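The structure appears below as structure tokens.
The values are calculated or read from the model by the stated rules, or taken from the named source; none is laboratory data. For clarity, every value in this text was computed on a predicted model and none was experimentally measured. FYI the Cβ positions are ideal-geometry reconstructions off the backbone, even for glycines, and counts take in every protein chain you see.
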Amino acid sequence: MTRKPIETRGDIQRATKALIAADERLAPVFDYVGPLPLRRRDGGFEGLASIITAQQISDAAADSIWARFKSAVEPFTHECYLDTPEDALRAAGLSRPKIRTLNGVAAAMCDGFDLAALHDLPAEEAIAQMTALKGIGPWTAEIYLLFCVGHPDIFPAGDLALQSAAHKALNLRKRPDEKRLRNVAKKWAPWRGVAARLLWAYYRAKRDEAKAARQRST
């Protein structure tokens, strides 16, 4: 049984109190970053397609490709996607591997795979169902479940930014690998999704702080 999805800033606030009670090391991290953003986005095929589109490219490139992609598929449904010629998808900027992944997702949805049904599953089950789709890895599944579903207990421990943030924010001796970070995060259950938001916010704040310092020194 899962907890209620993260849908409001009130949910973030309740999770914040629970996380600080579970791990006092997080209190100064919350103080440093300030109020956490909700970071929710639409789900379904469009939400998953946007995540796949943005993988391993810059934000600017992702935004440009996504705009062309949406123009090529109208309305943006899995059925219409499958009816769109591959040449049009390639012209929008999608790589062949991403097209293959999206083909698999869209075909699975036509065969009855229900992204909405993932909302009611425990984290491990939801990830397992998503990664059974060809081309969908753990990170893609975790990001979809975090931000499109609002799952409260997803933690993408393989994310390098989370590893770096945990290293510095928690004063760990070295940057944790995925296995160690998952162990560290166990005490944050059942709010690991909000702990991930916290560490990403910390990572961005430290990055921006360093950038500002470099600019002041030039």
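Output the residues belonging to region 93-102 that are within 20 Å of Cys148 (Cβ to Cβ) and part of a helix (DSSP H, G or I). Can you show your working first?
Keep residues of region 93-102 that are within 20 Å of Cys148 (Cβ to Cβ), which gives 94, 98, 101-102.
Across region 93-102, the qualifying residues are Lys98, Thr101, Leu102.
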Write out, first by first residue and then by second, each pair whose Cβ atoms fall under 6 Å of each other, whose residues are 6+ apart or on separate chains, and whose first residue, in region 193-218, is crowded, with 16+ Cβ neighbours inside 10 Å while the second is acidic (Asp, Glu).
Gly193/Asp153
Tell me, yes or no, whether region 52-65 has at least one residue that is more than 30 Å from Glu125 (Cα to Cα), polar (S, T, N, Q) and over 15 Å from the mean Cα position of the chain (by Cα).
yes
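Looking only at region 156-173, count every residue that is over 17 Å from Val29 (Cα atoms) and touching a helix residue (DSSP H, G or I) at 6+ places or on another chain (Cβ under 7 Å) and tell me the total.
As a first pass, look at region 156-173 and keep what is over 17 Å from Val29 (Cα atoms): 156-160, 173.
Among the residues that remain, those that are also touching a helix residue (DSSP H, G or I) at 6+ places or on another chain (Cβ under 7 Å) are: 156-159.
Number of matching residues: 4.
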Near pairs, Cβ below 7 angstrom, 6+ apart or cross-chain, from region 1-20 (farther than 22 Å from Leu170 by Cβ and assigned by TED's automatic domain parsing to the domain that holds Trp191) to any residue that is aromatic (Phe, Trp, Tyr) and modelled with pLDDT under 95
none
Scan region 20-34 residue by residue and report those that are closer than 18 Å to His167 by Cβ and not in a helix (DSSP H, G or I).
Asp23
Can you tell me which residue in region 47-62 is modelled with the lowest pLDDT, limited to those that are in a helix (DSSP H, G or I) and more than 25 Å from Ile12 (Cα to Cα)?
Asp59
Evaluate the following for Leu160: is it exposed (fewer than 15 other Cβ atoms within 10 Å of the Cβ), within 21 Å of Arg204 (Cα to Cα) and within 20 Å of the chain's Cα centre (by Cα)?
yes
When region 122-135 is examined, which residues are found to be in contact (Cβ under 8 Å) with a residue 60 or more places away in the chain and either within 15 Å of the chain's Cα centre (by Cα) or buried (at least 18 other Cβ atoms within 10 Å of the Cβ) (or both)?
Ala123
For Val149, work out the one condition from (1) buried (at least 21 other Cβ atoms within 10 Å of the Cβ); (2) in contact with a His (Cβ under 7 Å, 6 or more places away or on another chain); (3) farther than 25 Å from Ala107 by Cβ; (4) not basic (Lys, Arg) it doesn't fulfil.
(3)
